[in-house]
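*Asks:* Could you have a look at this structure, given as structure tokens, before my questions?
The values are calculated or read from the model by the stated rules, or taken from the named source; none is laboratory data. Keep in mind it's a predicted model, so treat the numbers as computed, not measured. Please note: Cβ atoms are built from the backbone with ideal geometry, for glycine as well, and neighbour counts cover all protein chains shown.
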Amino acid sequence: MKNLIKISMIFCLGLMSQMASASGWNSDTLKVIQVNGEMVKIVLNNIQDKEEVKAFNLNKIVETIAASGGELKDGEVLIPGENTTYLLKQANGLFYLSELRTGNNDRYIVRIFENTSREELERYRAEAGKRGITVDYENLQIVNGEIDAITLKVNSNDGFSGTASTTNIPETGIGFIRDFNEGSEIPFAIGDIFDKTENDDNWKDDFKKGFKDGFDTAFNEEEVVKKDKKDKLISHDQDVQFSVGLNNYLNSSNQFPDADNKDFTLDPLTSWTYCLHSNHAVSVGSYVKFNFQFGLLWNNFALADNDFLFTKGPEQVQMVNTTATRTDISPKRSKLNITYLNFNLVPMFHFGKNSDAFRIGAGPYGSYRIASKSKFKYDDNGKDIEKNNFHLNNWKYGVKAQIGWKGVDLFATYDLSPVFIEERGPDPDYPLRAISFGVIF
């Protein structure tokens, strides 16, 4: 308080001295007295009303120079006036005063996009500082070169300030506009305000429309805009999934053929299934995903008794006993391979918003046979392959169940349709339905 009184007294003396010797003024300079009694010459740059500066702003200029001890920090400082902000700069022993706001279209605009870099943000901060505007970035998160979250805090230091927070920057960007023009209808706006480009002549109308949608501002009032990231109602993700598991088939009583000692009984440890799918996950909210899967499915049925092999008869599939027909060989492996085009629709229920949360689901699938062959291997690397349809059903359908956690899922499938055409399987009165279970990566 004492320093303020002292400065005011010195200011009054200086003002009286200057008024007493009006011949000491010229159109481009201003003289003031510092606290230490020294006379300081201030060069006026780009000042529209120099007399107003001399008459009404001397006290702020004196206080600024006095507070700096005669040396301005960083070489320049902003002096906010009632209707105008000035830049006081020191260079080569002289002080220069410049009016920052001039013209009839003086608006300052900062616009931030998702791909705005950290360097650009710092440049915006520095440029705004030269206009007397303080810009701060809080909660700034940049992931893979894109802004994932940001809180923009702006203070024009002249009665206007505001805050905008978002974790989902719109395509039009976020930012602020400070309109310095006298009588401006919207002197300050911040947030998601760029419905059109800042060069649009109808920008005021755009702002008004934006304010009706939730962004408002008022003179001398801080505007706080918080836009939290919302989970999209519907979103889509795509990835490639590979699954591997074991095959078998069941009779109409849901028993394996080995219970009836059938010659087409399978070896459960060498009957494999493989799948390669393009998985399209459509999320509905945070807890439900519909998995649409398109791809290829391979089912291998390896016989438990390698002496038998699948072959196509005129009316049905036949199991040929090679011990009687091919006594010169020693069988090693006999199996039937079927390739399908496959489609699955599996709704998955997630017990948490995180993608790694525990999940479970079940849904239908359908497949179309595109290839099939029998493969019979014997000693000395011998191999017989027969490509045929083997009276197989071209279409098959069933139900798939899936359960998972983190990056791994377990699955099980059950065919509702028989593997072979009705009454054309290895045993006409013994329909077979395939089952599989395994893991999805």
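*Asks:* State the number of residues belonging to region 410-441 that are charged (D, E, K, R) and within 15 Å of ASN344 (Cα to Cα).
*Replies:* Qualifying residue count, region 410-441: 1.
*Asks:* Examine region 417-434 for a residue that is at negative phi, in a strand (DSSP E or B) and either aliphatic (A, V, I, L, M) or free of Cβ contacts under 8 Å to residues at least 40 places away in the same chain (or both), and state whether such a residue exists.
*Replies:* Yes, the conditions are met somewhere in region 417-434.
*Asks:* Residues that are more than 21 Å from ILE79 (Cβ to Cβ), at pLDDT 85 or above, in a strand (DSSP E or B) and not assigned by TED's automatic domain parsing to the domain that holds LEU87: does region 112-125 have at least one?
*Replies:* Within region 112-125, the subset more than 21 Å from ILE79 (Cβ to Cβ) is 112-124.
Filter once more, keeping what is at pLDDT 85 or above: 112-124.
With in a strand (DSSP E or B) added as a condition, the list becomes 112.
Imposing the further condition that a residue be not assigned by TED's automatic domain parsing to the domain that holds LEU87 reduces the set to 112.
Yes: one or more hits.
*Asks:* In the set SER253, SER235, which member is of a type in the set (S, T, N, Q) and either touching a His at 6+ places or on another chain (Cβ under 6 Å) or touching a residue at least 24 places away in the same chain (Cβ under 8 Å) (or both)? Lay out the reasoning, then the answer.
*Replies:* Numbers: SER253 fails: either touching a His at 6+ places or on another chain (Cβ under 6 Å) or touching a residue at least 24 places away in the same chain (Cβ under 8 Å) (or both).
The unique qualifying residue is SER235.
*Asks:* Also: Could you please find all residues in region 397-436 being under 17 Å from PRO364 (Cβ atoms), in contact with a Phe, Trp or Tyr (Cβ under 9 Å, 6 or more places away or on another chain) and aromatic (Phe, Trp, Tyr)?
*Replies:* TYR397, PHE411
*Asks:* Checking the condition more than 18 Å from LEU432 (Cβ to Cβ), assigned by TED's automatic domain parsing to the domain that holds VAL282 and either of a type outside the set (D, E, K, R) or over 47 Å from the mean Cα position of the chain (by Cα) (or both), which residue from SER330, SER374, SER367 passes?
*Replies:* SER330
*Asks:* For region 130-162, how many residues meet the condition of being free of Cβ contacts under 8 Å to residues at least 24 places away in the same chain, aliphatic (A, V, I, L, M) and under 26 Å from GLU185 (Cα atoms)?
*Replies:* Number of matching residues: 0.
*Asks:* So GLY352 passes all but one of these: (1) at positive phi; (2) surrounded by 20 or more Cβ atoms within 10 Å (Cβ to Cβ); (3) not aromatic (Phe, Trp, Tyr). Which condition number does it fail?
*Replies:* Of the numbered conditions (1) at positive phi; (2) surrounded by 20 or more Cβ atoms within 10 Å (Cβ to Cβ); (3) not aromatic (Phe, Trp, Tyr), the odd one out for GLY352 is (2).
This table checks each residue for (1) at pLDDT 95 or above; (2) of a type outside the set (Gly, Ala, Ser); (3) in the same structural domain as TYR287 (by TED's automatic domain parsing).
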site: LYS335; (1), (2), (3): yes, yes, yes
site: PRO347; (1), (2), (3): yes, yes, yes
site: PHE351; (1), (2), (3): no, yes, yes
site: ASN354; (1), (2), (3): no, yes, yes
site: ALA362; (1), (2), (3): yes, no, yes
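*Asks:* For residues that are of a type in the set (Ser, Thr, Tyr) and assigned to a strand (DSSP E or B), scanning just region 277-315, find the one that is surrounded by the fewest Cβ atoms within 10 Å (Cβ to Cβ).
*Replies:* Within region 277-315, the match that is surrounded by the fewest Cβ atoms within 10 Å (Cβ to Cβ) is SER278.
*Asks:* Separate question: Hey, LYS400 hits all of (1) more than 20 Å from TYR274 (Cβ to Cβ); (2) surrounded by 14 or more Cβ atoms within 10 Å (Cβ to Cβ); (3) of a type in the set (D, E, K, R) but one; which does it fall short on?
*Replies:* In the conditions (1) more than 20 Å from TYR274 (Cβ to Cβ); (2) surrounded by 14 or more Cβ atoms within 10 Å (Cβ to Cβ); (3) of a type in the set (D, E, K, R), LYS400 misses (1) alone.
*Asks:* Against the condition aromatic (Phe, Trp, Tyr), buried (at least 16 other Cβ atoms within 10 Å of the Cβ) and either touching a residue at least 60 places away in the same chain (Cβ under 8 Å) or in a strand (DSSP E or B) (or both), how does PHE411 come out, does it pass?
*Replies:* yes
*Asks:* Next question, about the same structure. Determine which member of the set LYS387, LYS377 is in contact (Cβ under 8 Å) with a residue 24 or more places away in the chain, more than 19 Å from ASN254 (Cα to Cα) and among the charged types (D, E, K, R). Write out each step before concluding.
*Replies:* Values: LYS387 fails: in contact (Cβ under 8 Å) with a residue 24 or more places away in the chain.
None of the other options fit; the residue is LYS377.
*Asks:* Determine which single condition PHE437 fails, assuming it passes every other condition in (1) over 14 Å from ASN300 (Cα atoms); (2) surrounded by fewer than 18 Cβ atoms within 10 Å (Cβ to Cβ).
*Replies:* (1)
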